[in-house]
Amino acid sequence: MPEPTQQHVTAAEALQRLKTGEGLVGVEVRGQLDLQALEDTGGVRLPVLLRGCRLPAVDASDLVFHAPVTFERCHVDAALFYAAYFLQGARFEACTFGGDVTFECGGHNEAPAAFTLLNCTFQGFVNFFDNWYPGPVEVRGCRFEGGTNLLGNRGQPYEVAFDLPPQIEGNSGVLDADGG
């Protein structure tokens, strides 16, 4: 459950805070948070931290993150991380996602940086179609109410590729759906 929000900010104000490396803590963002605005030459170079926030939508499509991405105790209605590369890892902890989430065609974390989902609730489908994780992956205590293809599409060229054995345990819902 997200922390009570302390203030409302526009998406532009939220991006300005993220551009300074400040992070977002305890805010409700009005409007879609388009993380492409953080892109510098060749990607996003600052850490991205959101803690205890509410967001109607976040779009991080086609971005290469050269610093860690962290979402803790956030509520996000719509999330699009299509072709997002989390080179220094990503951590989503105790978050609720109200709709579909796509991590499709992404991943690419570099060891030892982990891609981590801990105690999150996904109310829609979570799409991992054609992802590659060369670094560690941990998915624990999550509820996939709309299912996910994280472990699906077996034997297909677009099934999720893990270079290291993933740590996937204590989750509920369908984790091996096919398709994307």
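For region 118-172, DSSP calls about 0 percent of its internal beta bridges antiparallel.
Compared with the direct C-alpha span, the chain from GLU138 to TYR82 gains 18.2 nm at full extension, assuming 0.36 nm per residue. Site pair GLU110 and GLN6 shows an inter-label distance of 3.4 nm when each label is modelled 7 Å from Cα along Cα→Cβ.
For the pair THR20 and GLN123, what calculated FRET efficiency results from E = 1/(1 + (r/R0)^6), where r is the Cβ-Cβ distance and R0 = 35 Å, to the nearest 0.05?
On the way: r = 32 Å, r/R0 = 0.92.
Plugging the Cβ-Cβ distance into 1/(1 + (r/R0)^6) gives 0.60.
Summing +1 for each Lys or Arg and -1 for each Asp or Glu among the other residues whose beta-carbon sits under 14 angstrom from that of LEU18 gives -2.
Can you give the helix-only mean residue ellipticity at 222 nm for the chain, where every DSSP H stretch with n ≥ 4 adds -39500 (n - 2.57) and the sum goes over all residues, rounded to the nearest 500 deg cm²/dmol?
Values: 1 runs with 9 residues, N = 180.
That calculation yields -1500 deg cm²/dmol at 222 nm.
Cβ under 13 Å from GLY173's Cβ, GLY173 left aside: what net charge do those residues give with Lys, Arg +1 and Asp, Glu -1?
Working: positive: ARG143; negative: GLU145, ASP176.
After counting each charged neighbour, the total is -1.
Let's test the formula: R0 of 22 Å, r as the Cβ-Cβ distance of ASP163 and ASP62. What FRET efficiency results, to the nearest 0.05? Spell out each step's value before the answer.
Values: r = 23 Å, r/R0 = 1.03.
Step by step, r from the Cβ atoms, then E = 0.45.
How many angstrom separate the Cα center of region 104-139 from the Cα center of region 75-94? Here the two parts' Cα centres lie 8 Å apart. The chain: longest stretch without exposed trypsin sites (Lys or Arg not before Pro) (DSSP loop, at most 16 other Cβ within 10 Å), sites themselves excluded? Free of exposed loop sites, the longest segment is 46-153. Seen through its C-alpha gyration tensor, with square-root eigenvalues sorted a ≥ b ≥ c, region 69-160 comes out oblate because a/c lies at 1.5 or above while a/b is not bigger than b/c.
If you plug the beta carbon distance of ASP100 and GLU39 into 1/(1 + (r/R0)^6) with R0 = 25 Å, you get a FRET efficiency near 0.55.
Please give the net charge around PRO112, taking every other residue with its beta carbon less than 14 angstrom from that of PRO112, where Lys and Arg add +1 and Asp and Glu add -1.
Local charge sum for PRO112: -2.
According to the Kirkwood relation over distinct C-alpha pairs, the hydrodynamic radius of region 1-112 is 13.7 Å.
Readers should treat all values here as calculations from the given coordinates under stated rules, not as data from a laboratory. It should be emphasised that the depicted structure is a prediction, and the values quoted were computed from it without experimental measurement. Every residue, glycine among them, receives a Cβ derived from its backbone with ideal geometry; neighbour counts consider all protein chains shown.
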